[in-house]
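Asker: Following this message is one structure expressed as structure tokens.
The values are calculated or read from the model by the stated rules, or taken from the named source; none is laboratory data. Just so it is clear, the structure is predicted and the values come from calculations on it, not from any experiment. Note: ideal-geometry Cβ built from the backbone for every residue, glycine included; neighbour counts use all protein chains shown. Protein only, heavy atoms only, side chains kept; ligands, DNA and RNA dropped before computing areas. Shrake-Rupley method; radii C 1.70, N 1.55, O 1.52, S 1.80 Å.
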Amino acid sequence: MSRYRRLAIYFLPKPFITVKESTKPIEGLFTSSNSSWCSTMCGTLKRRFLLLYGTQQGQAKAIAEEIGQQADHHGLVADIHCLKDINKFSLEKERSPVVIVVSTTGTGDPPDNALKFMKKIKNKELAEDHFSHVRYGLLALGDSEYTYFCNGGKIIDQRLQELGAKHFYGTGYADDCVGLELVVDPWIEGLWTALKNELALRTENQDMDAGTGDHNNVNNINHRTSEVPEDLDLQIQAIHLEAAFSSNGSSDKDIQLEALNAAEPSLVHSVPPLSQCSLNVPALSPPFLDVLIPDCKGLDMDPSVLYPENNVFKVPISLAEKLTSADAVKATWMLELDVSNTDIEWQPGDSFCVVCPNPPSEVEELLQRLGLLAKKDFQVSIGVKSNTKKKGASLPSYIPEKCSLQFLLTWCLEIRTIPKKAFLRALVEHTTNVAEKRRLQELCSKQGSSDYNQFIRDQAISLLDLLTAFPSCRPPLSVLIEYLPKLQARPYSAASSNLFYPGKLRFVFNVVELPSCLERTVSRKGVCTGWLSELSPFNNAKREEMPAISIFSRPSMSFQLPTETSAPVVMVGPGTGIAPFIAFLQHRLMLKKINEESKFGETWLFFGCRHRDKDYLFREELNQFVESGVLTHLKVCFSRESTESSDVVAPRYVQDFLKMCSQDVARILTKENGCFYVCGDAKNMVKDVNDALADIICMELGVDKLEALKTLAVFRDRKQYLQDVWR
């Protein structure tokens, strides 16, 4: 460190992030998908590639935009399109390399805006060589806490290969559980070499074929798929600690001593070696929005305008009931909505989404910290910068024109989202204190990945937490709009059948608690569950004071009762995971009454909770289902109750009970074509149940673990093994 004590040293960035202004395509000269070249303002030609993305919550889009931005610095042009815009690109005619970034949603499905594309390429009439001319690289995003990790990307990857497409670059699988950037950054870094090699081969092939006039015969190229590099130095700006200090009037010595005196790292400070090393931080994404707050009042709006693609209904709460005791570890509530005056439709197994706001207290505090509290009722005017260098810059579609600042922060932006490294990099530019600036640089750097995960990801730190921890950080509103994603409506499983409760829609939820910690000085409740728990019906049951909430349906493609009522059913749902199965049982009870002569298969329910007397949800209703015969077998376990006084050791978890009933479970799946459903938290329970089911297959069928996993995959494909999971 002493080597640099008196020197202001910067490690210069590699070419694609230099301050030098890059050339851009002239409007209107961008060529069609049949051409791999694009004219620029300087008269030079840049090689083109097609860049497609499918996104559910905006992460895949943001990554695709980052690739598009970096492409310009590598002398390339990215033709960016969402997978839903199938009329704007054509893989059938595409002769340039293709790059695809796609996320995963639900239980392993491609995102909603990729469904049109999926439908098109899944056409069974397509020939095996339909895409034999296509060379592509794919980056799949997922979460390893879910069973179908990166399955949205895997489905597209597999289908493209079935139709003859080939990789020019190895597929990347980014895991949001540990941090997408751990795979995304090196995958993008290696992409440029792979793209340039691919384009060079194409040029060579075209030159060879020039005499024959066959310019598109890419099948003759001897392609070699580039491997995803294991460890790459990102081509990003490197900043040395002493250089940052030298630009500020604060005492270098005082700041260094303060950092060295800290025994343990935290959100606000680091320790050696991180505090003393050079940093590789992301290149700053170019700003693209002009945001003004004119001195006029914003329009009053209904939040339903934020979901133009959905049929949103505002419905009153007709009943609110707490299902757990006062001393239960988690507070669980059941809400009943009066949907009798709507045409909303659902089947047992379907979900619906609740349109919810950010907590008013946090919105107010955020406005205060941004110095905008006095303007909260004023109109927000947003436009795209005329000179922005950001590719495909556009206005956020989820921010209505002329809305107020209060509405924007309350209903439009997810202020609780965990800030990505690119957002931290942008915050650096608006932080004045040198120590705080350095720490933010560390947290978004390659060298600080461990600290980022420990102090931001793992603690679910939000923007407001960061502004509290780094008080000299004062970003403009435009930065928030550019980097914060849309506030998403929260999905809940329907816990009632419309046959059983006509005109009523029920759902249950735990009130999520985020305890305080060193990084977050105040405890918080979940955005939606906290809001629902504070509505008046929880404290005042008078009907005239019952509020209304906005909802829209979210039908399930597969998590539904079998159409053949004689098929046996196994349901596994600890905690609030029991919700859809209450709807299943209500529905079957009514079907039995309507069709008395129909045959109904046996039903098994494996339910788990902590204590018999504290959080045994729907206890009376379940017993009534057993008495009526609609529920054949009820297996309940209590994970926190002692069994020391009993001669028989009771199972503590649902997976334990499953193994005790292994013969029946195997019989239902393998011999009787029954259905196995599991609903609950993906982090632990769903994995444990999957492992237990594999063990059951091994034991009862006498096969090894690999064969058991293959068997489970067959059950999934047949829609016999179905999951409804959340994180």
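Asker: Residues of region 600-641 with amide nitrogen under 19 Å from the 7 Å Cα-to-Cβ point of E513?
Answerer: Output list for this probe position: 609-617, 639-641.
Asker: Starting from a Cα-only point model with no solvent, please compute log10 I(q)/I(0) by Debye for region 387-518 at q = 0.09, 0.13, 0.14 1/Å.
Answerer: Log10 I(q)/I(0), no solvent term: -0.39, -0.71, -0.79.
Asker: Now for a different question. How much length, in nm to one decimal, is gained on full extension between V305 and D458, taken as 0.36 nm per residue of separation minus their Cα-Cα distance?
Answerer: 51.7 nm
Asker: What is the extension gain from S394 to V714, computed as 0.36 nm multiplied by their sequence separation minus the C-alpha to C-alpha distance, in nm to one decimal?
Answerer: 110.8 nm
Asker: I'd like the FRET efficiency for S386 and T193, computed as 1/(1 + (r/R0)^6) with the beta carbon distance as r and R0 of 45 Å, rounded to 0.05. Display every interim value, and only then the final one.
Answerer: Values: r = 34 Å, r/R0 = 0.76.
The computed FRET efficiency comes out at 0.85.
Asker: Same structure, new question: So what are the ³J(HN,Hα) numbers for region 108-113, from phi and the Karplus equation (6.51, -1.76, 1.60; θ = phi - 60°), rounded to whole Hz, Gly and Pro as x?
Answerer: Whole-Hz 3J(HN,Hα) from phi for region 108-113: x, 9, x, x, 4, 7.
Asker: Dipole of region 579-694, Cα-centred, from +1 at each Lys and Arg C-beta and -1 at each Asp and Glu C-beta, to the nearest 20 debye?
Answerer: Values: 16 positive and 17 negative charges, 51 e Å.
For this selection, approximately 240 debye.
Asker: G674's amide H: which non-local residues (gap 5+, or another chain) put their own amide H closer than 5 Å, with H modeled 1.01 Å from N in plane and none for Pro or chain starts?
Answerer: Those qualifying (amide H under 5 Å, at least 5 residues apart or on another chain) are L669.
Asker: A further question on this structure: Between D377 and M699, how high is the FRET efficiency from 1/(1 + (r/R0)^6) when r is the Cβ-Cβ distance and R₀ = 60 Å? Nearest 0.05.
Answerer: That pair, D377 with M699, gives E of 0.35.
Asker: How much length would be gained if the chain were fully extended between S639 and L115, taking 0.36 nm per residue of separation minus their Cα-Cα distance, in nm to one decimal?
Answerer: So the extension gain works out to 184.6 nm.
Asker: Also, I was wondering about something else. Please go through the residue pairs K124/K705; K525/K635; K635/K659 and name each one whose alpha carbons sit more than 23 Å apart in this structure.
Answerer: Pairs exceeding the cut-off: K124/K705; K525/K635.
Asker: A further question on this structure: List the residues, sorted by chain then number, that are 5 or more residues from L514 or on another chain and whose placed amide H is less than 5 Å from its amide H.
Answerer: R524, K525, G526
Asker: Starting from the Cα of N433, step 7 Å along the direction of its Cβ; do the same at R474; then give the gap between the two resulting points in nm.
Answerer: Calculated label separation equals 1.4 nm.
Asker: Ok, one more. About its Cα centre, what dipole magnitude does region 416-477 give when the only charges are +1 on Lys and Arg Cβ and -1 on Asp and Glu Cβ, stated in debye to the nearest 20? Intermediate values should be presented prior to the final figure.
Answerer: Values: 10 positive and 6 negative charges, 35 e Å.
Approximately 160 debye in magnitude.
Asker: Which of the lysines could be linked to K376 by a straight reach, that is with a Cα gap under 16 Å, when you skip same-chain ones fewer than 8 residues away?
Answerer: K297, K402
Asker: Follow-up question, since we're still on this one. Could you pull out the pairs from K420/K710; K375/K420; K385/K421 whose alpha carbons sit more than 25 Å apart here? Let's see the in-between values first.
Answerer: On the way: K420/K710 37 Å; K375/K420 28 Å; K385/K421 23 Å.
From the list (K420/K710; K375/K420; K385/K421), the Cα-Cα distance tops 25 Å for K420/K710; K375/K420.
Asker: How large is ³J(HN,Hα), in whole Hz, for each residue of region 516-533 in order, when computed from phi with the Karplus curve 6.51 cos²θ - 1.76 cosθ + 1.60 and θ = phi - 60°, using x for Gly and Pro?
Answerer: 5, 7, 4, 7, 10, 6, 10, 7, 9, 9, x, 4, 7, 5, x, 5, 4, 5
Asker: Using amide H atoms built 1.01 Å from N in the peptide plane, name the residues 5+ places from G172, or on other chains, whose amide H lies under 5 Å from its own.
Answerer: Result for G172 returns L138, L139, A140.
Asker: Using the heavy atoms of the protein chains alone and a 1.4 angstrom probe, what is the accessible area of region 265-419 per residue in square angstrom? If you can, show how the numbers build up before the last one.
Answerer: Working: 7150 Å² over 155 residues.
Normalised by residue count, the accessible surface of region 265-419 is 46 Å².
Asker: Need one number: convex hull volume per residue for region 83-183, Cα atoms only, in Å³.
Answerer: Details: hull volume 9.9 nm³, N = 101.
Spelled out: Cα convex hull of region 83-183, divided by residues, is 98 Å³.
Asker: Still on this structure: Measuring from label point to label point, each 7 Å out along Cα→Cβ, what is the E596 to Q276 span in nm?
Answerer: 8.6 nm
Asker: Can you tell me the Rg and Dmax of region 326-409, counting just the alpha carbons, in angstroms?
Answerer: Cα only, region 326-409: 19.9, 59 Å (Rg, Dmax).
Asker: Which FRET efficiency value, to the nearest 0.05, is calculated for D688 and V522 with the Förster distance at 25 angstrom and r the Cβ-Cβ distance?
Answerer: Plugging the Cβ-Cβ distance into 1/(1 + (r/R0)^6) gives 0.15.
Asker: Hey, if you drop one equal point scatterer on each alpha-carbon of region 251-396 and run the Debye formula without solvent, what base-10 log of I(q)/I(0) do you get at q = 0.16, 0.17, 0.19 Å⁻¹?
Answerer: -1.13, -1.15, -1.22
Asker: Expressed as a whole percentage, what fraction of the accessible surface of region 668-727 belongs to carbon and sulfur atoms when a 1.4 Å probe is rolled over the protein heavy atoms?
Answerer: Looking at region 668-727 in its full context, I get 47 percent from C and S.
Asker: While we're on this one: Would you please put 475-483, 664-672 in order of how densely packed they are, using the mean number of other Cβ atoms within 10 angstrom per residue and starting with the highest?
Answerer: 475-483, 664-672
Asker: Quick one: what are the phi-derived ³J(HN,Hα) couplings along region 336-350, Karplus 6.51/-1.76/1.60 with θ = phi - 60°, whole Hz, x for glycine and proline?
Answerer: Ordered by residue, 3J(HN,Hα) equals 10, 10, 8, 10, 5, 9, 10, 10, 5, 10, 7, 10, x, x, 6 Hz.
Asker: Separate question: What residues from region 697-727 fall in the zone where the backbone N is under 18 Å from a label point 7 Å along the Cα-to-C-beta line of K124?
Answerer: 717-719
Asker: In the structure displayed, which of K61/K122; K120/K391; K322/K593; K84/K119 lie more than 20 Å apart, Cα to Cα?
Answerer: Violating the 20 Å Cα-Cα cut-off are K61/K122; K120/K391; K322/K593.
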